[in-house]
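The structure appears right after this line, and notes come after that.
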């Protein structure tokens, strides 16, 4: 089915406002020197292995900085196979964007992708405490909702 010539007249087109995202800041982030300590129920048998899995994050935008708070799942396994899992909240250092993010009107949207938590070295065991050193890598995207005016055809049916 094709268009009829009378469907492409100027009366069938009108301005529409569409909501879309405008990317304001896009940064490849590497946060080194992160450390978190969990306390086990009993003293673990060494060697100890640890995994860190990000469950969620919350971002607060203040001028040219993005403050991220992560909820992490930390699993500690000792040499006997005993496993303990913790859900910890971790606040990383602020990420600086090259623009003042509050100068743009609209709702701020913060997204992250390619998130990787890499454990550095062996976990440090001190009694019941296990300290984990790690690096966080991700791509941070900060966008604002904007309205775009588009001249398009109205529905024909």
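Computed over the chain with a Gaussian network model linking Cα atoms closer than 10 Å, the most mobile of 143, 82, 94 is 82.
Over region 24-148, what is the mean sequence separation of C-alpha contacts under 8 Å (at least six apart), divided by residue count, expressed as relative contact order in percent? If you can, show how the numbers build up before the last one.
Details: 282 pairs, mean separation 46.0, N = 125.
Computed value for region 24-148: 37 percent relative contact order.
Listed values [x] 112; [y] 159; [z] 183 include one computed from this model; for volume of the Cα convex hull per residue in Å³ that value carries the label [z]. Region 64-87 and region 7-39 have Cα centres lying 29 Å from one another. Relative to a virtual label point 7 Å from the Cα of residue 131 in the Cα→beta-carbon direction, which members of region 77-118 show backbone nitrogen distances below 19 Å? Under cut-off, by backbone N: 77, 88-93, 118. Placing pseudo-labels 7 Å out from each Cα toward the beta carbon at residue 46 and residue 84 gives an inter-label distance of 1.6 nm.
Each value in this text was obtained by applying a stated rule to the coordinates, not by laboratory testing. All values reported here derive from a predicted model rather than from experimental measurement. Here the Cβ is made from the backbone with ideal geometry for all residues, glycine too, and neighbour counts use every protein chain on show.
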